[in-house]
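J.: Got a structure for you, questions after.
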Amino acid sequence: MYRTEILSITNMLITELEEFCISIGEPAYRAEQILSWIYDKGVAAFDQMSNLPGDLKRKLEEKCQIFQTKIGTLIKTGDGTEKFLICLSDGNEIECVLLREDKRVTACVSTQVGCAMACRFCASGKRGLERNLTTGEIIEQVLHCKKHLLPNERLTNIVFMGIGEPLTNYDNVIRAVKIMNAEWGLGIGARHITISTVGTLNGIQRLAREGLQLNLAISLHAADDITRSRIIPSNKQTGIQHILREAQKYFSITKRDISFEYTLIDGVNASKQDAESLARLLRNIQCNINLLPLNPIEEFNFKPPYRETVNTFCRILKKHGLTVTVRKKKGDTINAACGQLRLRNINFYGKNEKFFVK
Ligand code: SAH
């Protein structure tokens with residue numbers, strides 16, 4: 001039976017856990033001790049929290065759980081990338097990826113089960129949106145990644161670039177960011193956290209007002225509305241100019257750099273003319289452009305361009321003075337593009353049984 005009355009600690013801000021402690025007749029400071037065990041020391045059982053009295057441990061066992069998710073499949077590549085398929089308590093699955101590059105160790109997290117955006121080249125939206133993730137389901141992806149760090153490694157960055165459109169699960173994403181940020185939580189500075197969005201206008205506006213120093217990445221993928229609407233259906237409602245305007249407002253308020261993601265797809269958005277149009281579109285915006293050759297998904301017909309086409313595209317942007325990086329393809333042998341592994345698993349095995357973590 002699914003016990004909804006059990007509280008998940010990873011959903012909670014410290015103030016809420018303090019209130020809970022008081023409600024069960026315990027002092028508020030116990031909250032900080034409990035959270036320190038979970039987030040600092042990576043402990044996953046109340047009975048290992050040695051500075052808590054036995055009585056409190058028993059109450060916690062009865063009323064709370066630490067993990068509401070568990071790791072299903074773990075796949076590693078030679079380049080240090082690890083991909084986790086995470087099982088949720090309702091039988092759904094999501095993905096998170098641990099990426100290593102020099103001293104940078106990044107957790108890439110999902111925010112939804114599936115995605116409503118239905119971008120034509122992305123596996124995440126292939127079967128629509130099932131539901132939003134809870135705050136705890138987002139946080140636990142980072143905790144699972146942390147458990148797999150090497151002894152001398154530290155998690156340095158978090159990117160919201162897994163399955164789902166983060167700004168359409170706004171409240172849970174912001175709560176998760178607060179836990180990631182907090183001293184009592186994961187202790188990762190907002191400047192090391194990136195939210196990637198397809199361009200949800202009111203989401204960008206709300207985010208600008210949060211007073212957080214988060215990096216915002218815009219998945220642009222085209223320099224004109226006809227091409228963009230062809231591959232990103234939601235562009236028909238938003239349009240490139242509106243997105244750019246909101247992005248610029250975001251960056252004038254937060255003073256963070258703008259970055260644009262551009263997935264290169266052969267015959268769609270990767271020609272010399274496309275590069276020239278993109279350079280024209282972005283010439284007055286102080287920004288970084290991340291080029292990413294398409295990670296081909298079997299179910300779709302799109303192909304990545306040849307390496308020479310990618311190089312030419314990059315050269316044209318640089319010639320116009322733009323800052324460009326070509327993202328190394330990491331983890332493509334393990335289906336690391338958004339939603340690929342989940343989709344593969346659903347196609348092969350169907351949905352999992354429900355389970356309890358407790
Ligand atoms: N919904 C958000 C978060 C997804 S982030 C967004 O759109 O930004 C993941 C990034 O990878 C997005 O830029 C997305 O468009 C891109 N992407 C998705 N599938 C891809 C694929 N098969 N190959 C390359 N990039 C892909």
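The values are calculated or read from the model by the stated rules, or taken from the named source; none is laboratory data. Note that this is a predicted model, so its numbers are computed, not measured. Every residue, glycine among them, receives a Cβ derived from its backbone with ideal geometry; neighbour counts consider all protein chains shown. Only protein heavy atoms, including side chains, enter the accessible area calculation; ligands, DNA and RNA are left aside. Shrake-Rupley method; radii C 1.70, N 1.55, O 1.52, S 1.80 Å.
J.: Which one, N284, N92, N11, has the greatest fluctuation when you compute a Gaussian network model over the chain with C-alpha springs under 10 angstrom?
T.: Result: N284 has the largest fluctuation of those listed.
J.: What full-extension length gain, to one decimal in nm, is calculated for E62 and A182 as 0.36 nm per residue of separation minus the Cα-Cα distance?
T.: Gain on stretching E62 to A182: 40.5 nm.
J.: Counting alpha carbon pairs within less than 8 Å and at least 6 residues apart, what relative contact order, in whole percent, applies to the stretch 148-207?
T.: Reported as a whole number, the value is 41 percent.
J.: Round to the nearest 0.05 the FRET efficiency obtained for R127 and K319 when R0 = 35 Å and r is the Cβ-Cβ distance.
T.: The formula returns an efficiency of 0.25 here.
J.: Right, here's the next one. How high is the FRET efficiency between V326 and E32 when r is their beta carbon distance and R₀ equals 45 Å, given to the nearest 0.05?
T.: For V326 and E32, the calculated efficiency is 0.55.
J.: Same structure again: What is the helix-to-structure angle for 340-349, meaning the angle in degrees between its Cα long axis and the longest Cα principal axis of the chain, kept from 0 to 90 and rounded to the nearest 10?
T.: Approximately 70 degrees, to the nearest 10.
J.: Taking 25 Å as R0, compute the FRET efficiency from the Cβ-Cβ separation of D90 and E16 and round it to 0.05.
T.: The calculated FRET efficiency here is 0.65.
J.: Let me ask something else. For the chain, report the accessible area per residue in Å² (1.4 Å probe, heavy atoms, rounded to an integer).
T.: On a per-residue basis, the chain sits at 46 Å².
J.: Also: Can you give me the angle between helix 135-147 and the longest principal axis of the chain, using Cα atoms only, in degrees from 0 to 90, rounded to the nearest 10?
T.: Orientation of helix 135-147: about 90 degrees from the principal axis.
J.: With springs only between Cα atoms under 10 Å apart, run a GNM on the chain and tell me which of T323, T263, T200 wobbles the most.
T.: Maximum among the listed residues: T323.
J.: So who's got an amide H within less than 5 Å of the one on T263, skipping anything under 5 residues away but keeping other chains? H placed 1.01 Å off N, in plane.
T.: So T263 has HN proximity to H221, L292.
J.: So, one more: With +1 on each Lys and Arg Cβ and -1 on each Asp and Glu Cβ, and nothing else charged, work out how big the dipole of the stretch 69-349 is about its Cα centre, in Debye to the nearest 20.
T.: It works out to roughly 600 debye.
J.: A further question follows. I'd like to compare 144-152, 285-293: which one has the highest average count of other Cβ atoms within 10 Å, and what's the full order after that?
T.: 285-293, 144-152
J.: To continue, here is another question. Return the carbon/sulfur percentage of the accessible area of the chain, one whole number, probe 1.4 Å, all protein chains in place.
T.: 49 percent
J.: With contacts defined as alpha carbon pairs under 8 Å and 6 or more residues apart, what's the relative contact order of the chain in percent?
T.: So the answer I get is 17 percent.
J.: Of all the C-alpha pairs in the chain, what % are more than 34 Å from each other?
T.: 27 percent
J.: The stretch 272-311: which GluC sites (Glu not before Pro) are DSSP loop and have at most 16 other beta-carbon atoms within 10 angstrom?
T.: E298, E299
J.: Would you mind checking the pairs K255/K328; K83/K303; K146/K303 and listing those with alpha carbons more than 29 angstrom apart?
T.: K146/K303
J.: Still on this model: Taking Cα pairs under 8 Å and at least six residues apart, what relative contact order does the stretch 57-206 come out at, in percent?
T.: 19 percent
J.: Related question: Are there trypsin sites (Lys or Arg not before Pro) in the stretch 278-315 that DSSP puts in a loop and that have at most 14 other Cβ atoms within 10 Å, and which ones?
T.: R283
J.: Let me ask another. Report, in whole Å, the centroid distance computed from the Cα atoms of the stretch 111-134 and the stretch 203-281.
T.: What the calculation gives is 19 Å, centre to centre.
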